[in-house]
Amino acid sequence: MGRCAKECRLANVCFELLLTDHPPQNINRLANSPAASCFVVAPLCWRSSVRNMTKEYTGKCLCGEVQYTADGPPIVVAQCHCEECRRLSGTGHTVGAMFVLDAVSVSGKLSEFSYSSDIGSEVTKVFCASCGSPIYGKNTRLPDHLTLSLGTMDDARGLEVEVVIFERDKPHWDQLGEDVVSFATQPD
Ligand SMILES: [Zn+2]
Ligand SMILES: [Zn+2]
């Protein structure tokens, strides 16, 4: 394991090999290799090396009480089919954009709910206290980060799902695109 030469924000798990200029389709092809645990991070490195354009994203809940701004680009956009995300969303998956904590500011009254993940980290889901829209999630596994619910964003143009996790738990009635890196659960 090398460190990411391009200083991606999750640098400590990056392979030098994957930092060059692999387009996403090559990353897909390599997803079954022993280095699979690096694949979530590798597209991020690749992304951060080509997406230097910064953009401010804004969003709000259903009732409008909670609003946020986030300085992008996000680190990654991920779709999760885990049971908790399914119940949280009331549908087959959540889609979230991960940012460093400092890049996001949120206003309005929030409520939260925490639980333990499979690997023992604590996950906290944060909602609008009035209308219940899921605004963001946090995980003690990556303490300086949060993941905004993409559906609350006002304009998510330019963002796409880059990785699917907990594909194992996907209900049969939820469709999945073909050209996406997916993991049965999550990478180590
Ligand atoms: Zn609300
Ligand atoms: Zn999930």
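The values are calculated or read from the model by the stated rules, or taken from the named source; none is laboratory data. Keep in mind the model is a prediction, meaning the values are calculated, not measured. All Cβ positions, even for glycine, are placed from backbone atoms using ideal geometry, and neighbour counts span all protein chains on display.
For first residues located in the range 75-89 and under 30 Å from T54 (Cα atoms), partners that are surrounded by 21 or more Cβ atoms within 10 Å (Cβ to Cβ) and among the aromatic types (F, W, Y) and lie 6+ apart or on another chain with Cβ distances below 7 Å form the pairs I75/F99; C80/F166; H81/F166.
Which one is nearest to the chain's Cα centre (by Cα), of the residues in the range 165-185 that are within 11 Å of Q79 (Cα to Cα) and surrounded by 16 or more Cβ atoms within 10 Å (Cβ to Cβ)? Selected residue: I165.
Taking the criterion of being over 18 Å from R86 (Cβ atoms) and within 16 Å of ligand 2 (Cβ to nearest atom), the residues of the range 136-151 that qualify are K138, T140, R141, L142, H145, L146, L148. Here the range 119-154 is the region considered, the condition is being charged (D, E, K, R) and over 14 Å from the mean Cα position of the chain (by Cα), and the residue that is surrounded by the fewest Cβ atoms within 10 Å (Cβ to Cβ) is D154. Residues satisfying the criterion are absent from the range 97-114 (criterion: within 16 Å of ligand 2 (Cβ to nearest atom), of a type in the set (S, T, Y) and under 18 Å from T185 (Cβ atoms)). Within the range 147-169, residues that are modelled with pLDDT of 95 or more have Cβ atoms under 7 Å from residues that are exposed (fewer than 15 other Cβ atoms within 10 Å of the Cβ) in these pairs: D154/T58, counting only partners at least 6 apart in sequence or on another chain.
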